[in-house]
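Below is one structure, written out as structure tokens; comments come after it.
We did not get these values from a lab; they are worked out from the coordinates using the rules stated. In this text the structure is predicted, and so the values were computed from the model without any measurement. Here the Cβ positions follow ideal geometry from the backbone for every residue, glycine too, while neighbour counts run over all protein chains shown.
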Amino acid sequence: MNSVYIAGAGMTKFGRSEWPLMQLASVASLAALHHADLGDIPVDGVVVANMGAARVNKQTALGSALVDQLALYPATAESVENGPASGASAFKVGVQAIASGMADVVLVTGVERMRVVNGLEGTDFVASLSHPEAEYIYGVTLPSLAGMFARLYMDRYGVERKHLAMVAIKNHEHGTKNPYAHIRQTVTMEGILTLPEAAVNNPPIAEPLHLFDCCPVSDGAAALVLVSEAVAKKLKGPKVKVAGIGQATDTHTVHEREDPTDLKSVRLASEKAFKMAGLKPDNVDVAELHDAFTILEIAESEAAGFFPKGEGHKALERGDTKLGGKLPINPSGGLKAKGHPVGATGVAQLVELVWQLRGEAEGRQVEGAKVAYACNFGGFGNNVVATVLQREES
Amino acid sequence: MSEHVYAAKCTSCGAVSYPRHAVCPKCRNERFENVEVGGEGKVLTYTDVYALAIDFETRYLRLAMVELANGTRVTGQLLADEPKLGMKVKTIVDLVRDPGDRKLYGLQFLPA
């Protein structure tokens, strides 16, 4: 396959937005296109990632709508709905278009505007990805799957609520350094766990997970401009190469997995991505993981191959995963602080990593980052896309 | 929705799948017979979830994954005041959700 490069990255601030869906998508797209500075090189195709617009925004065919907003006709247009992995899936569709030689320039935009409905409706729309007869009818929501996962995981590996709180504290701290983050305030162990007031500040959502173990519900958009090697050579900016992509699926219901604490799809997707890149987890300088729930950052950091199984929380205790540590995880603030506009998330993770690899992540830059990894976790682990990016010296 | 919950038993290899798949995950056979899900089991994990869809009127729901005596695993509602990992439960089938337009029956777990 032909090499694929990311020439531009942009996003909107995440949070509650008054902008209509397509305005969010357009603003992020234009930021990425300006970043890429394509001159008169045309955009061949557009891929839009989104999960809930058909239901919560009453809008479909977002790819066509974005081409229209950006007046990119007659560019090709696709929409990708793949649950919370929609973003990285859309990215993969764009990469395949260029790798196959069918396109030279593809714009990939993820967008979600879910605060337009109330929290209960938003939770229910995301819960519709669970198994309709064997999970959903019982009241299963994503937080409940995460709660059941966390209880078993914590019991088996000696992870305590203080470790979950450490993920929240770290990612909120990182989020204060990211102007695009939904939540830009620090939290403390006292405030969310040890003081009596913590019971009020941090109520249970799905025991043993509490409010500060869960990402916020956000609106937002993120975009990437993918180009062929021939186009990349004509552009001025630093070259970020798509070194590897891996994807893996698992059973729809969580209970059917041989070991419900094993994020097998993360493991398999990551192995594929590293194999394609010819790299190892040890080579990674910075990572964005899908911390929709704090426990997931710990579990994914192990399944991706950064730490042995059951030792992710020890790496967290040592400070390895903080900015300035051996392997900074979620310098953007992660889903926890940056926010989680579902369809935009997988794209936004890569936007952060492109900025990191180009040395443009002001205030939260991982110095000299050359290799970056992202895990976009769909379903409750039934569809995962892992990506490895690499800065190429010109 | 019936007041029974059925798993699919593969007519070729005998593997029991819950929920049913169109193809047996073990041997790829496409024929199954219904076997009723129920009996005793143990709680694999559980949660009290407060983030619920709007049609639930309770403040929270206690949900669990249970491993039944025959090894089949199921998810359902746990009706136990003092839940514990590994606790023994028995299954019943009852109304689990009433979104208004239909009544949904499914698995509930009681202390055994």
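Considering only A:Asn201, A:Asn50, A:Asn82, the mean-square fluctuation computed in a Gaussian network model of chain A, springs between alpha carbons under 10 angstrom, is largest for A:Asn201. Seen from B:Asp94, the other residues with C-beta closer than 12 Å to its C-beta sum to a net charge of 0, counting Lys and Arg as +1 and Asp and Glu as -1. Springs join every pair of Cα atoms under 10 Å in this Gaussian network model of chain A, and among A:Leu209, A:Leu70, A:Leu62 the largest mean-square fluctuation is at A:Leu70. The amide H of A:His340, built 1.01 Å from its N in the peptide plane, has A:Ser218 as neighbours under 5 Å, considering only residues 5 or more places off or on other chains. Note on B:Tyr105/B:Thr58: beta-carbon distance plugged into 1/(1 + (r/R0)^6) with R0 of 22 Å gives a FRET efficiency of 0.80. Label separation (A:Thr60 vs B:Ala80): 4.4 nm, computed from points 7 Å beyond Cα along the C-beta direction. Each label was represented as a point 7 Å from its Cα along the Cα-to-Cβ direction; for A:His34 and B:Glu30 these points are 5.5 nm apart. Membrane-span-like helices in chain A, defined here as complete DSSP H runs extending at least 18 Å along the helix axis by their C-alpha atoms with mean Kyte-Doolittle hydropathy no lower than 0.0, are A:21-36, A:86-99, A:142-157, A:342-358; this is a sequence and geometry rule, not a statement about a membrane.
Among A:Asp291, A:Asp250, A:Asp213, the residue with the largest mean-square fluctuation in a Gaussian network model of chain A, with springs joining Cα atoms closer than 10 Å, is A:Asp250.
Amide H contacts for A:Asn383 (H built 1.01 Å from N in the peptide plane; partners 5 or more residues away or on another chain; cut-off under 5 Å): A:Asp250, A:Gly378. Straight-distance candidates among the aspartates and glutamates for linking to B:Lys88, with alpha-carbon spacing under 16 Å and chain neighbours fewer than 8 residues away dropped: B:Glu40, B:Glu67. For the protein assembly as shown, taking a cut-off of 4.7 Å between Cβ atoms, the unpaired cysteines are A:Cys214, A:Cys215, A:Cys375. Model label sites at A:Lys275 and A:Met189, defined 7 Å from Cα along the beta-carbon direction, differ in position by 4.1 nm.
The 3J(HN,Hα) values that the Karplus relation (6.51, -1.76, 1.60; θ = phi - 60°) gives for the stretch B:10-27 are, in residue order, 5, 6, 9, 9, x, 5, 9, 10, 9, x, 6, 10, 6, 10, 5, x, 8, 10 Hz. Gly and Pro appear as x.
On alpha carbon coordinates alone, what is the Rg over Rh value for the stretch A:229-312, Rh being the Kirkwood radius? Using Cα coordinates only, the ratio equals 1.07.
So which of A:Lys236/A:Lys338; A:Lys275/A:Lys338; A:Lys280/A:Lys370; A:Lys280/A:Lys309 end up more than 22 Å apart by C-alpha? Correct reply: A:Lys236/A:Lys338; A:Lys275/A:Lys338.
FRET efficiency for the pair A:Asn283 and B:Glu3, taken as 1/(1 + (r/R0)^6) with r the Cβ-Cβ distance and R0 = 56 Å, rounds to 0.50. Across peptide B:52-63, the average count of Cβ atoms from other chains found within 10 Å of a residue's Cβ is 5. DSSP beta bridges confined to chain A are antiparallel in about 70 percent of cases. Rg over Rh for the stretch A:198-344 works out to 1.00, using Cα positions for both radii and the Kirkwood form for Rh. In chain A, Cα pairs under 8 Å separated by at least six residues give a relative contact order of 26 percent.
Separation of the stretch A:165-183 and the stretch A:344-394, taken as the distance between their Cα centroids, equals 16 angstrom. For the protein assembly as shown, the spread of Cα positions along the three principal axes, ordered from largest to smallest, is 70, 53, 44 Å.
Here the stretch B:1-40 and the stretch A:207-268 have alpha carbon centers that stand 33 Å from each other.
Taking all C-alpha pairs of the stretch A:37-127, those more than 16 Å from each other amount to 56 percent. Percent of Cα-Cα pairs more than 19 Å apart in chain B, please. That tail contains 51 percent of the Cα-Cα pairs.
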